[in-house]
Amino acid sequence: MLFSLLKNEMYKLLKKKKLYIFMVIITGMTLIPIIISKFDNGSLVFKVNTLPLENLAWSAEMIIPIFISILVADMITNEYREGTMKLSLVNGVSRTNLLFSKILTLILVITGLVLFTMAVSYVSGSFFLEWGVPFRFNDLLLSESTGISYTLGLYLLSVIPLTAFSLIITFLGLKLESGGSLVGVTIGIVFIMNTMRQLSSLVRPFIISDYFNTGYLLNPSGIQNDLVILLTTSGLYFIVFMGLSLNNIIKKDIVN
């Protein structure tokens, strides 16, 4: 049953233009560092093998969180408002399975967009930039193959805090009555989180958006301690807002 619900959610998503529009936006954004590198008289020089990590910053911190809110608005808030969510429930689908299918869809889409950003970065960079061997990033020097492996790992790691963030938006999506309100609230939350990160080093480790751009993990001092903090913080957000979302959908008046 859960697999069927997941297929249905993915089918509905792939039929809409929003996903493809964001892929076009991501593709366009990957060209910005290339343009800067070509026309900034050499003050900023990007290389192909580090371009994906440069692009991970804006993608994970700006584009994907906004798309998460738009996706949740479609999948949850608007479906509830329009009455289409209850169609699954009256056909015998449990509320928990319905919620899990939507969360799994979010995870798949986030992973897809993250990997798409990396792939487009490599492809676009290959046409216009030098590869840059060896791999240099955050004062760290690695072989080319090791650098690419780390890049893939860091991209996949970014899915974890982004998924935890998506649970916050899912909870809000079950509370708010319009998709537009959800997107607006999400933009406000991202702005507040980023402001708090800049203003206070004390609260910064507790702000989930501080972990979206996992490029900071790649540094000469190693990633072990920072990785534990990332996983612990993301796990706490995930558990708390998963519980709140489950409690909300179980109590929510959907069928009537």
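Quick notes on this structure:
- Cβ-Cβ FRET estimate between SER149 and ILE250, R0 fixed at 41 Å, reported to 0.05: 0.45
- With a Förster radius of 22 Å applied to the beta-carbon distance between LEU140 and ALA119, the computed FRET efficiency rounds to 0.45.
- Within the range 125-161, backbone nitrogen closer than 20 Å to the virtual label 7 Å beyond the Cα of LEU31 toward Cβ: 125-130
- Modelled FRET efficiency - R0 30 Å, VAL45 with ILE192, Cβ distances, 0.05 increments: 0.30
- Spin-label proximity, LEU231 to the range 81-116 - amide N less than 15 Å from point 7 Å beyond Cα toward beta carbon: none
- Shape call, the range 130-229: gyration tensor on alpha carbons, a/c limit 1.5: prolate
- Calculated from backbone phi, Karplus (6.51, -1.76, 1.60) coupling profile of the range 89-105 in Hz, x at Gly/Pro: 5, 6, 9, x, 7, 6, 5, 5, 5, 4, 5, 4, 5, 6, 5, 4, 4
- Residues in the range 109-119 carry Karplus couplings, in order, of 5, 4, 4, x, 5, 4, 5, 5, 4, 5, 4 Hz; the curve used is 6.51 cos²θ - 1.76 cosθ + 1.60 with θ = phi - 60°, and Gly or Pro positions show x.
- Cα-based radius of gyration of the range 7-60 once divided by 2.2 N^0.38 Å, which approximates compact folds: 1.54
- Dividing the summed helix terms, -39500 (n - 2.57) for each DSSP H run of n ≥ 4, by the number of residues in the chain produces a 222 nm estimate of -23500 deg cm²/dmol to the nearest 500.
- Additional length obtainable on full extension of the chain from SER201 to VAL185, 0.36 nm per residue less Cα span: 3.3 nm
- Reducing the range 129-185 and the range 191-256 to their Cα centroids gives an inter-centroid distance of 12 Å.
- Unit charges at the beta carbon, dipole of the range 38-99: most positive-side option, TRP58, THR96, ILE76: THR96
- Note on the chain: Cα-only Rg and Dmax are 19.6, 64 Å.
- The range 40-152 gives an Rg/Rh value of 1.19, both radii derived from C-alpha positions and Rh following Kirkwood.
- GNM top mover of LYS12, LYS175, LYS47 - the chain, alpha-carbon springs below 10 Å: LYS12
- Between ILE239 and PHE3, full extension at 0.36 nm per residue minus the direct alpha carbon distance yields a gain of 82.7 nm.
A short reminder: the numbers here are calculations on the coordinates, not readings from a lab. This one's a predicted model, so the numbers in the text were calculated from it and none came from an experiment. Neighbour counts are summed over all protein chains in view; Cβ atoms, including those assigned to glycine, are modelled from backbone coordinates with ideal geometry.
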